[in-house]
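The numbers here are math on the coordinates, done by the rules we state, and not lab data. In this text, all values refer to a predicted model and were calculated from it rather than measured experimentally. Note: ideal-geometry Cβ built from the backbone for every residue, glycine included; neighbour counts use all protein chains shown.
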Amino acid sequence: MSRVALVTGGSRGIGAAIAVALKDAGYKVAVNYAGNDAAAAAFTEATGIPAYKWSVADYDACVEGVARVEADLGPVEVLVNNAGITRDAMFHKMTPEQWREVIDTNLTGVFNMTHPLWSGMRDRKFGRVITISSINGQKGQAGQANYSAAKAGDLGLTKALAQEGARAGITVNAICPGYIGTDMVRAIDEKVLKERIIPQIPVGRLGEPEEIARVVVFLASDDAGFITGSTISANGGQFFV
């Protein structure tokens, strides 16, 4: 029987590419989304991958959502924590609400999704938890104190959980993408992309969502069973750890 994979924030961008790649690799896949019903419906129609709506910032909603996915598809063995938001502002102008919204989704959301699945993974002696962090969680970014803090927190959580899950057959890893050619990034003014962003990337281009997806497929596989607690940088050489 195919393993079940759940991708949060999976109806668009990097998440959609991950979901499709996992399906193509033979997984039974479900995606979660928070708000864009039209995009989720279009994604499901195009791919046949079911989409379930809830906010990862709400623990009870995550418990209920996971239960729905598992009732429909079976126990979730691969979790991809991809859901994330931005509320950018320079720190002296950042509001408590902007801070809280990003932390609640991008950091606490990883707890909210992983925690309801952890016991089942431990009982089955197998699990894959893969969290999409960010280059800005590694190096920081002006105007993104909230986002950078959350994404850095994801890396600490990954390392701690990797140690707890290792003897239970659960691997926990993180991927830190750089600038990826999603609709959001490509919507940036072309002059800004060409003159300010791409020159910072040694390979001279944006990454593609499918390139991140291929890393996820590898980390989800049995072949990656000895890799845990790792942070994989996928940024075209823009930042080295």
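For the reader, a short list of remarks on this structure follows.
- Against the set (i) 15.9; (ii) 12.9; (iii) 13.9, the structure's computed mean projected area of the Cα convex hull in nm² falls on (ii).
- Centre separation in Å (Cα based) which lies between the stretch 35-67 and the stretch 112-170: 20
- Across the chain, Cα pairs under 8 Å and at least six residues apart give a relative contact order of 20 percent.
- The stretch between Asp222 and Lys194 holds 6.1 nm of extra length on full extension. This uses 0.36 nm per residue minus the Cα-Cα distance.
- Val241, Val185, Val110 arranged by Cβ crowding within 10 Å, fewest neighbours leading: Val241, Val185, Val110
- Karplus-based coupling profile of the stretch 45-56, in residue order and whole Hz: 5, 6, 10, x, 8, x, 10, 10, 9, 6, 8, 5, with θ = phi - 60° in 6.51 cos²θ - 1.76 cosθ + 1.60 and x standing for Gly or Pro.
- Excluding same-chain neighbours fewer than eight residues apart, the lysines reachable from Lys23 by a Cα-Cα span under 23 Å are Lys53, Lys125.
- Since only Val185, Ala234, Tyr52 are under comparison, the one whose Cα sits farthest along the positive direction of the charge dipole of the chain, derived from C-beta charges on Lys, Arg, Asp and Glu, is Ala234.
- Hz values of 3J(HN,Hα) by residue in the stretch 190-204 - Karplus curve (6.51, -1.76, 1.60), Gly and Pro given as x: 4, 5, 5, 4, 6, 9, 10, 9, 4, x, 7, 9, x, 6, x
- Structure remark: mean-square fluctuation, Gaussian network model of the chain, C-alpha springs under 10 Å; the largest value among Ile130, Ile198, Ile18 belongs to Ile198.
- Size of electric dipole in the chain: Cβ of Lys, Arg +1 and of Asp, Glu -1, about Cα centre, debye, nearest 20: 500
- For Trp118, the shell of other residues with beta-carbons less than 15 Å away shows a net charge of +1, using +1 for Lys and Arg and -1 for Asp and Glu.
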